[in-house]
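Engineer: Below you'll find the structure I mean.
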Amino acid sequence: MLVLMIFIGVIAEGAQTKITIRAKAKDAKFIGTTMGGALVVIKDTETGEVLTKGFTTGGTGNTQKIMVDPIRRGVPISDNTAAKFEATLDITEPKLVSIEVYSPYGQRQSMTKNTSQIWLIPGKDVIGEGIVVDVPGFAVAVLTPEANETLKLTGGKIKVPIRANVVMMCGCPITPNGIWDANKYEVKAIVKLNGVITDVVPLSFANKTSTFEGTLDVSKEGTYEAIVYSFDPVTGNSGVDKTTFWVGK
């Protein structure tokens, strides 16, 4: 009876409960410091109160373990190098928490919100591999034309280079025949003139890691928008970035 009373007293006063959160790019590795990390926000699901927040820090993890070795039950794919966010919560009873992950935080044009939920039990740590939140997509950044760039027609026409950087959400590189194979991804630019779609320009690997390029033939003045997307037909991963530019005489 005395032991039971002591146990009840400890629970009533609250128990330190550790939790580890990781953000993992779909079909790739963990999102860490090189991509600005993932912002993790842990909330009380019932009240919406923010219990803690912070960033995942660390590396992308071991490529062999994550991308090559067979996945086996009970065998973690993370190691000491894999980015994570660790927190300690003081709770007095089981609590359903919502985990919001905003990533990659260093590429805001590609940042998405992904969520998960878990019941936390006082004193029962969720550590080691912890909770792994899947983050689908590509991080796409248009390099040219630059935002609001002004170009001029020469002899009534101009060739406009469209160039973009495309990486996995963890920053993992894309190259022909690599682990993330440039030959298997569809990268295109949807072009609008004064708000109306006029062209779709294929972008091919530009002989530079994670870089794709194509050329738009322009013969009309106006405001142009280039919507560059990357799509993987196998996994469904997709990513988008946009730029606008002006063409005049």
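Engineer: Could you tell me which residue of region 118-136 is nearest to GLY37 (Cα to Cα), considering only residues that are surrounded by fewer than 16 Cβ atoms within 10 Å (Cβ to Cβ) and more than 23 Å from the chain's Cα centre (by Cα)?
Structural biologist: ASP125
Engineer: Looking only at region 22-44, which residues are among the hydroxyl-bearing types (Ser, Thr, Tyr) and in contact with a strand residue (DSSP E or B) (Cβ under 7 Å, 6 or more places away or on another chain)? I'd like the intermediate steps shown before the answer.
Structural biologist: Restricting attention to region 22-44, the residues satisfying the condition of being among the hydroxyl-bearing types (Ser, Thr, Tyr) are 33-34.
Listed by number, the list holds a single entry, THR33.
Engineer: Testing GLN109 on (1) under 19 Å from the mean Cα position of the chain (by Cα); (2) crowded, with 16+ Cβ neighbours inside 10 Å; (3) in contact (Cβ under 8 Å) with a residue 40 or more places away in the chain, one condition comes back false. Which one is that?
Structural biologist: With (1) under 19 Å from the mean Cα position of the chain (by Cα); (2) crowded, with 16+ Cβ neighbours inside 10 Å; (3) in contact (Cβ under 8 Å) with a residue 40 or more places away in the chain applied to GLN109, the lone miss is (2).
To keep it simple, each residue is scored yes or no on (1) within 18 Å of VAL133 (Cβ to Cβ); (2) among the acidic types (Asp, Glu); (3) touching a Leu at 6+ places or on another chain (Cβ under 7 Å).
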position	(1), (2), (3)
THR45	yes, no, yes
GLY58	yes, no, no
GLN64	no, no, no
ALA82	yes, no, no
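The rows are residues; the columns are (1) part of a loop (DSSP other than H, G, I, E, B); (2) β-branched (Val, Ile, Thr); (3) within 26 Å of ASN62 (Cα to Cα).
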{"residue": "THR198", "(1), (2), (3)": "no, yes, no"}
{"residue": "THR209", "(1), (2), (3)": "yes, yes, yes"}
{"residue": "GLU225", "(1), (2), (3)": "no, no, no"}
{"residue": "PRO233", "(1), (2), (3)": "yes, no, yes"}
{"residue": "VAL247", "(1), (2), (3)": "no, yes, no"}
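Engineer: Do you know which of the residues in region 89-113 that are out of contact with any Phe, Trp or Tyr (no Cβ under 8 Å at 6 or more places or on another chain), outside any loop (DSSP other than H, G, I, E, B) and among the polar types (S, T, N, Q) is farthest from GLY74 (Cα to Cα)?
Structural biologist: If we take residues in region 89-113 being out of contact with any Phe, Trp or Tyr (no Cβ under 8 Å at 6 or more places or on another chain), outside any loop (DSSP other than H, G, I, E, B) and among the polar types (S, T, N, Q), then SER103 is farthest from GLY74 (Cα to Cα).
Engineer: Oh, and also: Filter region 82-94 down to the residues that are of a type outside the set (A, V, I, L, M, F, W, C) and touching a Ser or Thr at 6+ places or on another chain (Cβ under 8 Å), then identify the one that is surrounded by the most Cβ atoms within 10 Å (Cβ to Cβ).
Structural biologist: Of all residues in region 82-94, those of a type outside the set (A, V, I, L, M, F, W, C) come to 84, 86, 88, 90, 92-94.
Filter once more, keeping what is touching a Ser or Thr at 6+ places or on another chain (Cβ under 8 Å): 84, 86, 88, 90.
Working: LYS84: 25, GLU86: 15, THR88: 10, ASP90: 11.
It comes out as LYS84.
Engineer: Name the residue, out of VAL140, VAL160, that is more than 30 Å from SER78 (Cβ to Cβ) and buried (at least 18 other Cβ atoms within 10 Å of the Cβ). Lay out the reasoning, then the answer.
Structural biologist: On the way: VAL140 fails: more than 30 Å from SER78 (Cβ to Cβ).
Sole residue among the options that is more than 30 Å from SER78 (Cβ to Cβ) and buried (at least 18 other Cβ atoms within 10 Å of the Cβ): VAL160.
Engineer: Would you mind stating whether THR63 is in contact (Cβ under 8 Å) with a residue 12 or more places away in the chain, in the same structural domain as VAL200 (by TED's automatic domain parsing), out of contact with any strand residue (DSSP E or B) (no Cβ under 7 Å at 6 or more places or on another chain) and β-branched (Val, Ile, Thr)? Show your work before the answer.
Structural biologist: Numbers: in contact (Cβ under 8 Å) with a residue 12 or more places away in the chain: yes; in the same structural domain as VAL200 (by TED's automatic domain parsing): no; out of contact with any strand residue (DSSP E or B) (no Cβ under 7 Å at 6 or more places or on another chain): yes; β-branched (Val, Ile, Thr): yes.
No.
Engineer: Can we say ILE71 is in the same structural domain as LYS26 (by TED's automatic domain parsing), closer than 20 Å to PRO136 by Cα and either touching a Leu at 6+ places or on another chain (Cβ under 6 Å) or of a type in the set (Val, Ile, Thr) (or both)? Show your work before the answer.
Structural biologist: Details: in the same structural domain as LYS26 (by TED's automatic domain parsing): yes; closer than 20 Å to PRO136 by Cα: yes; either touching a Leu at 6+ places or on another chain (Cβ under 6 Å) or of a type in the set (Val, Ile, Thr) (or both): yes.
In short, yes.
Engineer: Of all residues in region 29-60, how many are part of a strand (DSSP E or B) and free of Cβ contacts under 8 Å to residues at least 60 places away in the same chain? Let's see the steps before the verdict.
Structural biologist: First, the residues of region 29-60 that are part of a strand (DSSP E or B): 30, 39-44, 50-55, 57, 59.
Cutting the leftovers down to free of Cβ contacts under 8 Å to residues at least 60 places away in the same chain gives us 42-44, 50-55, 57, 59.
Matching residues across region 29-60 total 11.
The values are calculated or read from the model by the stated rules, or taken from the named source; none is laboratory data. In this text the structure is predicted, and so the values were computed from the model without any measurement. As a convention, Cβ positions derive from the backbone with ideal geometry for all residues, glycine included, and neighbour counts pool all protein chains shown.
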